[in-house]
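What follows is one structure encoded as structure tokens, with my remarks underneath.
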Amino acid sequence: MTTSAVVLALAVFGASAVEMVEALTIVTAAGVTRGWRSALEGTMVAVLVLAALVIAVGVPLARLVPINVLRVVIGALLLVLGLDWLRKAVLRASGHKALHDEDAIFAKTVADLSPGSAKEAGSETAGSWRHGRRDATGFTVAFKGVFLEGMEVVLIVITLGASSGHLALASGAAACAAVVVCVVGYLVARQLSEVPENAMKLAVGIMLTSFGVFWVGEGSGLHWPGSDLMILVLVGVFAMTAFVLSLAMRRLGPSRRAAAAGSVPTE
Amino acid sequence: MTVVVRAVAAFARFWKGFLIGDAPELFVGTLVFVGAALGLRHHGAVAVVLLPAIVILFLAGSVLRGRDRS
């Protein structure tokens, strides 16, 4: 296995794990409040739709589009995604943005979905579909949670897999992460807040940014010294950058404008 | 609104959120980076140093902008 294949598998695994933690929070909340059958059915349908998307879009993309064009476009997409994850992770690590609190999200989703809640009463599917032990609200919430969180994973699987010819490896790494998160989530009894989500997001952001820079360079005709090994160098450079930026931001503190507003946004 | 129009609107919203989101400067930085990569592809050593530097510059700018908004 080449260096790029190993880093690719790690990047997809990490990205998938982060998104699956968020999806698992929503599915668990839907399962606890609306019944596990509908929540698990919603999850299964979403996973099937996401897998169909990978096959329908990823395979033709890898076969029909010229590899260098694919690498530039895909590298640019990875760069946008990676830089956004990196930016948010640095802001969270330095205290300029609130950490993603899975416990709070779980509690809010449970409150919203509990029978009799204002949000549940106002939903289009409230009260419907419950006769045959199925619950439309539970199904829809679980489906939306897994589908929306999984879309970023699908994009990463397609972009990384198609540009490097490792679509099967990327899909396998994403599936492994989903299984690992489900098993760990079950074992730790819903204590998803214990997962070091920001550190994982930081690591994945570094890897996606490195891949983005590497693929855009390769696709545009640049020959990186050391070929695939350059990915590791880029990972080191961006890890160092994130570390220095986090330290600097911690020392800087909030800007005058932010201090005057007195808020720490969560998104 | 028809189902098709709603689907297209949701698709457009998804890509706008994905590409631009709340940090449009990173989207601009990526376009600058792709332009620089295409322009510097025959300048090996310079490109190897400059391309990651462009990314670091835009990331640092975006993080500082995030501090202003926090």
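Could you list, in sequence order, all residues of segment B:48-57 that are more than 8 Å from chain A (Cβ to nearest Cβ) and within 19 Å of the chain's Cα centre (by Cα)? Lay out the reasoning, then the answer.
To start, the set of residues in segment B:48-57 that are more than 8 Å from chain A (Cβ to nearest Cβ) comprises B:49-50, B:53-54, B:57.
Passing the criteria: B:LEU50, B:ALA53, B:ILE54, B:LEU57.
Does A:PHE243 satisfy the condition of being within 22 Å of the chain's Cα centre (by Cα), more than 18 Å from A:ILE74 (Cα to Cα) and at the interface with another protein chain (Cβ under 9 Å from one of its Cβ atoms)? Working first, answer last.
Details: within 22 Å of the chain's Cα centre (by Cα): yes; more than 18 Å from A:ILE74 (Cα to Cα): yes; at the interface with another protein chain (Cβ under 9 Å from one of its Cβ atoms): no.
In short, no.
When the residues of segment A:55-72 are filtered to those that are surrounded by fewer than 18 Cβ atoms within 10 Å (Cβ to Cβ) and within 14 Å of chain B (Cβ to nearest Cβ), which remaining residue is farthest from B:ALA37 (Cα to Cα)? Talk me through it step by step, then tell me what you get.
So in segment A:55-72, the residues surrounded by fewer than 18 Cβ atoms within 10 Å (Cβ to Cβ) come out as A:55-57, A:59-60, A:63-69.
The next check asks that each one be within 14 Å of chain B (Cβ to nearest Cβ); those that pass are A:57, A:68-69.
Values: A:VAL57: 27, A:ASN68: 13, A:VAL69: 13 Å.
Here the residue is A:VAL57.
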**Request:** Quickly run through segment B:24-47 and pick out the residues that are surrounded by 16 or more Cβ atoms within 10 Å (Cβ to Cβ), at the interface with chain A (Cβ under 8 Å from one of its Cβ atoms) and modelled with pLDDT of 90 or more.
**Result:** B:LEU26, B:PHE27, B:GLY29, B:THR30, B:PHE33, B:VAL34, B:ALA37
**Fill in**
Selection over segment A:27-53 where residues are on the phi < 0 side of the Ramachandran plot, surrounded by fewer than 24 Cβ atoms within 10 Å (Cβ to Cβ) and not acidic (Asp, Glu) yields a count of 17
**Filter result for A:ALA177 (hydrophobic (A, V, I, L, M, F, W, C), buried (at least 21 other Cβ atoms within 10 Å of the Cβ) and at pLDDT 75 or above)** = yes
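Here is a yes/no grid of residues against (1) part of a helix (DSSP H, G or I); (2) closer than 25 Å to A:VAL69 by Cβ; (3) more than 13 Å from chain B (Cβ to nearest Cβ); (4) modelled with pLDDT of 75 or more:
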position: A:CYS182; (1), (2), (3), (4): yes, no, yes, yes
position: A:ILE206; (1), (2), (3), (4): yes, no, no, yes
position: A:THR209; (1), (2), (3), (4): yes, yes, no, yes
position: A:TRP215; (1), (2), (3), (4): yes, yes, no, yes
position: A:GLY221; (1), (2), (3), (4): no, yes, no, yes
position: A:SER227; (1), (2), (3), (4): no, yes, no, yes
position: A:MET249; (1), (2), (3), (4): yes, no, no, yes
position: A:ALA259; (1), (2), (3), (4): yes, no, no, no
position: A:THR266; (1), (2), (3), (4): no, no, no, no
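The values are calculated or read from the model by the stated rules, or taken from the named source; none is laboratory data. Owing to the predicted nature of the structure, the values given are computational and were not obtained by experimental measurement. All Cβ positions, glycine included, derive from the backbone under ideal geometry; neighbour counts span all protein chains shown.
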